[in-house]
Amino acid sequence: MTRTLFPALALALALGALALPSFAAAQSSGGTIAITVTDAKTKSPVPLARVLLDGPILASEVATSAGKVTFTDAPAGIYRARVFARGYRGVTSAPFEMLGGERVNLDVALAPSSDLRIIAVVHSVSSVRISTNSIDANSAQRKLSGDLADALSKLSGVSITSSSDDSDAAQTISLDGHDASQTAMTLDGIPMNAPGSAGDLRMFATDLFTGASVHHGPQIGGLGGGVDFRTLEPTLSWQSQGTLSTGSNGRNNESLGISGSLGNLGIAAMSTTRTSPSLADGMHYLDASGLDYEHDGGRWVAGDLLKANLRLPGDQTLAASFINSTRSIGLLCLRVTAALPCGYGPGNNVSGSFSLYSLGDQLLTGATAISATLYGTVGSNLFDLRNRFIDGVAAPAGSSMQMRSSGFTLSAELPAMRKHTLSILAYDTNSSQVSTPLVASNAAYYSSQQQGSYGALQLSDRIRANDRLALNASLGLTHASYSGGSALGSVGASWRADANDSYAISYALSGSAPNFGRNRALSDPASLQFDCQGNQSVGYGAAPGDQPGASSSSSLNASVTHRFARSALSLALYRQVQSGVVLPTQVNGSVLLADGTLSPSYIAQVQGVYASQAGCGIGAPPLAVSQLYFSTPIGGVTRIYSGADLTGFVQLGNLVAEPFFDITSTTLRSNDPRIENPFAIAISGAQGPNVPLHRAGLTLDYRAPHSAIEWLADAQYTSANNPNNLPAYTTYDAAANVTFARGTLTIAASNITNVYAGIFASSQYAVPYTTLGGTEVPTIARPLAPRAYSVTYSFAVGRHAVASIPSPVLGGPRRRGPFARFTVLPNTPPSDPYALAASRFCTPDRARVARGLLDALRAQVARVEAARAASPSATVVLSAPEGVTFTYHPLANEFAVAIASTNIADVRALFTCATIHRTDAATAAAQGLYVAPPASFFRPEITFSPRVGLYFIRRQPQPGKENFRVFTLAAQPPKDPFAVIAGPQCSTGMREVAMQSLDDLRAHFTAATPSALWQIVAHASGTNRWFALTPNDLGDFGALMACAHVAAATAAQLSARGLGGTPPPVLNYAPSIGLYIERRAPPPPPPGGAPPPGGA
């Protein structure tokens, strides 16, 4: 089969990948954007400042009393932030990018004069990433899974179900036990499925999706919740990523993507293919077609994506996207429940395509942010059975299905009072699905038409009562086909009681639910599934039923979360009552015959197939109409969903464990005779069929310190009454993820114990249904996929490079210390300013850190040079690894990049492994180099210049200026060793940091609470104990030096007290003297009393 879209795309992507210099982590989803707003003059926080975030998502929030706003689960892409507050002039940041899974910190200083300073710092996420509601390329669940659907099934409250045992079976998503038709599936916020219809994941090339986020609880478009899939987004810097995977039974997939910007035009493109042979491929056997042939049920799926964002003057962005999926499947039935395995004969297949296109406009104007999108989808599905045989007789059949939808979304963040955030959402979609027969004589069974429309208008208000309490409310109107218009509304509250406990509750009322017309066709008699059990034989099919009508629902959700030192536990409770909805359920054939849905002639045709080799064989006991069941939509039903989801995580050293346990109850109430009869499988007041009451899971993720190997494992438990009709079971998966200089290699194994594994659905292990009359109805059990292995290699090119680590060069003259090697400024530009230096202090671990920082700097310098080449006055927002800040400073004829870090490991790595020159402020200024403002000693800053490379400025103490204070050792410790002490250098911001840090230490030493801010190591010196306190952030060390009682003593003075110490930037603590630092002893005077060199 040939590709029909973008024939040269794969080649173009490959050439683009080769053109990029360094390797990086792939773009994924679920990042964090943290914004801090301060007064430019006083440096104090600006509470209740409003932040509008414009990018792949549109959001608005007001700042806390600390001037902070945090947006979580933000998709990767290009963003801008508009910030304004009462008494200040609003400002808009330059565009900045966030690659998936990262954290971007944006510091904004507001002033009445409109002076704006913005620094954006990109933080990479930890390699251990386990999430309870989202999946991306870095998630442990994704690394353990063969595809995105399998990864989603490992999340709490998510079930992925196949509709049958055929190779073309639909794959749907249900949340918290809801029907799959009540799950809203969106792609970059655009609806993928018609509201009220079950979306089929297998219609899409899901390898195009970089991640997915699950939202539990009712939302517009889905009473059961929603799943939003994300795709590659345009970025500012050029990125490329690719994946090659192969696995058991010939499965393989390839993907290649690229993103970046050409001036103000952002571009993203991706191409994927996946081949999934059937486990029965190549098998030669006689089946119900009456033919003995080699079977082929392989599946091939390909996808292409193209996006473009044009950033216009005036804070406006135009966006366009086009996504296409193409698939081809050999039609194969994998069921052995009759005289022969089911089958259609050779040469039957299914093919189809799905395309989504959209055009959007985003605008920031004043205090308002607006986003509007027009979209459409076109799909086709050719179910080609024109080569079908039944018991050796040709019986051609099949259908051609056309699917279309169109609509728009409009969202806006509106001006509001200081503590309020107003937003409006308008949404409308129209969908249709028409199926026409390929053979005219089969029109009764292969003709159907479904259509539906749904729209909503909702106004929401979120009120930040204070830093701990937030209230929200919404009102709106909806309209749905077949049920007219109605109102909806909700109220809710979230309360953070303290740093460890938070609570949330919400209540929602809704009128008519999204629905889709259900003019479905009656099953072809030859397509019924027979389970041959002698006199207990049963047949399953589908029949038309009720159209949707007026409905309503009420939903109550509550949750509580408690955080421990290295763990967290969340409990979510929910209850939803839906009235007047449609329930697709199995209805007995005798009931449908009595109400006229089935005719006697149809029953006779079914019995004829049953008594042939295509059914249960010649001579099989007669089949009564009461032994037939048909999936039929029944209207006017009340459905009740309730349950609890317990989730959490535990961190034990370098091991992260995330367990979950779900209780899912789904019941119904109806007086409809199709349900209230002795043969009914769906029983009023009882748990619904094929919805397991219990699910549980445990995901483990471990990486040893300094190891390139990440070990992963998971266990998933599903109770009986599951969609596969199997008894309760537990599956186990495992994987090893190895990080190399040029990418990652993942080796995974699924269903390791081969529980209930098989190829063909059968009656083996099948758990029967129990009817209202107490009889058992045999079922067909679909086995789980057998044990399988896969090997996946993923690479990415762009920033956040991970390059090979050269061995440090040893030797050379011995130095008195690691910083004595610094040389004066060079007269000519260095040949490689990013090279590692020869130093005996540059250990392999430090070399690894320094190499990553220098490569990240190289990438950012290249961005600056490209931007200056396009426009010398360009504003460039730089990004950097976690804990590091790169700040661009334009100069007269060149530029500088200031590098600052609060991470001890980064500072030591650069100062011991990088080629750094030293100078003083006067010399640097005379040479036209950038001279940074004086910084505290605990925030060391290095500067990069293309002319001289890396340098730092040695500063002499300013007479009369206090940088920090220390105290002499006293006979007794201070009354409160963890109290804040005011001083000239203890600013408002530093005092806040010191208070948090001292409270953390107080809790550790008085209540044995593990510290979240310090690495604490206990030491014994005789009978005395002292503790070395290494800060996770150097800012904590500096804050305590400026705002706490810290004594200073030499090693000899400490030894006299029976104590020891570690030099700065490590702090020390002993109960007998409080906090202290170990300082160097003064050098002995030279012979003859001459002053020491440099002294006077």
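Within a 10 angstrom radius of the beta carbon, how do Tyr79, Tyr482 rank from fewest other beta carbons to most?
Starting with the residue having the fewest Cβ neighbours, the order is Tyr482, Tyr79.
Which net charge results for the neighbourhood of Ala909, defined as the other residues with beta-carbon distances under 14 angstrom from its beta-carbon, given Lys and Arg at +1 and Asp and Glu at -1?
0
Taking 0.36 nm per residue of sequence separation and subtracting the Cα-Cα distance, how much length would be gained by fully extending the chain between Gln972 and Ala497, in nm to one decimal?
Result: 167.2 nm gained on full extension.
HN-Hα J couplings of the range 307-312 from phi, Karplus 6.51/-1.76/1.60, θ = phi - 60°, integer Hz, Gly and Pro as x?
Taking θ as phi minus 60°, the curve returns 10, 8, 10, 10, 8, 9 Hz for the range 307-312.
Determine which lysines satisfy two conditions relative to Lys68: a Cα distance under 22 Å, and not lying fewer than 8 residues away in the same chain.
Within reach: Lys41, Lys43, Lys419.
Arrange the following residues from fewest to most other Cβ atoms within 10 Å of their Cβ: Thr317, Thr1050.
Fewest to most other Cβ atoms nearby, the residues stand as Thr1050, Thr317.
Taking 0.36 nm per residue of sequence separation and subtracting the Cα-Cα distance, how much length would be gained by fully extending the chain between Met995 and Leu475, in nm to one decimal?
183.0 nm
Please name which of Leu509, His420, Leu772 has its Cα lying farthest along the dipole of the range 134-795 towards the positive end, using unit charges on Cβ (Lys, Arg +1; Asp, Glu -1) and the Cα centre as origin.
His420
Can you tell me how much longer the chain between Lys419 and Gln402 gets when fully stretched, taken as 0.36 nm per residue apart minus their C-alpha distance, in nm with one decimal?
1.2 nm
What is the distance in Å between the Cα centres of the range 1037-1080 and the range 888-929?
30
Only bridges with both residues in the range 844-954 count here: give the DSSP antiparallel percent, nearest 5.
Looking only at bridges with both residues in the range 844-954, the antiparallel portion is about 75 percent.
If you count, for each residue, the other Cβ atoms within 10 Å and average over each peptide, how do 556-566, 384-394 line up from highest to lowest?
Sorting 556-566, 384-394 by mean packing, highest first, produces 384-394, 556-566.
Output the antiparallel fraction of DSSP beta bridges having both residues in the chain, as a percent to the nearest 5.
Counting DSSP beta bridges with both partners in the chain, the antiparallel share is about 90 percent.
For the chain, give the magnitude of the charge dipole about the Cα centre (Cβ charges: +1 Lys/Arg, -1 Asp/Glu; no others), in debye to the nearest 20.
With only Lys, Arg, Asp and Glu charged at Cβ, the dipole is about 4120 debye.
Please report how far the C-alpha centroid of the range 574-594 lies from that of the range 128-192, rounded to the nearest whole angstrom.
Cα centroid to Cα centroid, the span is 25 Å.
Could you tell me how far the Cα centroid of the range 232-277 sits from the Cα centroid of the range 331-345, in Å?
The two parts, judged by their Cα centres, are 37 Å apart.
Each residue of the range 1045-1056 in order: what ³J(HN,Hα) in whole Hz does its phi give by Karplus 6.51 cos²θ - 1.76 cosθ + 1.60, θ = phi - 60°, with x for Gly and Pro?
Along the range 1045-1056, the couplings run 7, 10, 8, 10, 8, 7, 4, 5, 5, 5, 4, 5 Hz.
Hey, can you grab everything whose amide H is under 5 Å from the amide H of Ala59? Only 5+ residues off in sequence or another chain; H modelled, so Pro and N-termini drop out.
Residues meeting the amide H criterion: Leu53.
Can you tell me which of 998-1009, 1025-1036, 757-768, 906-917 comes out highest on packing, and rank the rest after it, using the mean Cβ neighbours within 10 Å?
906-917, 1025-1036, 757-768, 998-1009
Among Asn466, Pro933, Leu712, which residue has its Cα positioned farthest towards the positive end of the charge dipole of the chain, with +1 placed on the Cβ of Lys and Arg, -1 on the Cβ of Asp and Glu, and the dipole taken about the Cα centre?
After comparing all options, I get Pro933.
Give me a comma-separated list of calculated 3J(HN,Hα) values for the range 154-159, in order, Karplus coefficients 6.51, -1.76, 1.60 applied at θ = phi - 60°, integers in Hz, x for any Gly or Pro.
Running phi through 6.51 cos²θ - 1.76 cosθ + 1.60 with θ = phi - 60° gives 8, 9, 4, x, 10, 10 Hz.
Determine the shape class of the chain: with a ≥ b ≥ c the square roots of the Cα gyration tensor eigenvalues, call it rounded for a/c under 1.5, and otherwise prolate if a/b is greater than b/c, oblate otherwise.
Verdict is prolate for the chain.
How do 876-885, 738-747, 709-718 rank on mean C-beta neighbours within 10 Å, highest first?
For the peptides 876-885, 738-747, 709-718, the packing ranking is 876-885, 709-718, 738-747.
Which shape class applies to the range 481-560: rounded if a/c is under 1.5, otherwise prolate when a/b exceeds b/c and oblate if not, where a ≥ b ≥ c are the square roots of the Cα gyration tensor eigenvalues?
Cα axes put the range 481-560 in the oblate bin.
So how strong a dipole does the range 988-1078 carry about its Cα centre when Lys and Arg Cβ are +1 and Asp and Glu Cβ are -1, to the nearest 20 debye?
The dipole magnitude comes to about 300 debye.
Add -39500 (n - 2.57) for each DSSP H run of 4 or more in the chain, then divide by its residues: what number comes out at 222 nm, to the nearest 500 deg cm²/dmol?
-3000 deg cm²/dmol, from helical runs alone.
Going by amide H atoms built from the backbone, whose H comes under 5 Å of the H on Ala542, apart from near neighbours?
Correct list: Ser523, Ser631.
Modelling each spin label as a point 7 Å along the Cα-to-Cβ direction, I'd like the Arg1025/Asn654 distance in nm, to one decimal.
2.7
Measuring from label point to label point, each 7 Å out along Cα→Cβ, what is the Glu894 to Val439 span in nm?
8.0
Which shape class applies to the range 844-954: rounded if a/c is under 1.5, otherwise prolate when a/b exceeds b/c and oblate if not, where a ≥ b ≥ c are the square roots of the Cα gyration tensor eigenvalues?
Taking the square roots of the gyration eigenvalues as a ≥ b ≥ c, the range 844-954 is oblate.
Read-outs throughout are calculated quantities, based only on the coordinates presented, and are distinct from any laboratory measurement. Everything numeric in this text was worked out from a predicted model, so none of it was measured. Positions of Cβ are backbone-derived with ideal geometry, glycine not excepted, and every protein chain shown enters the neighbour counts.
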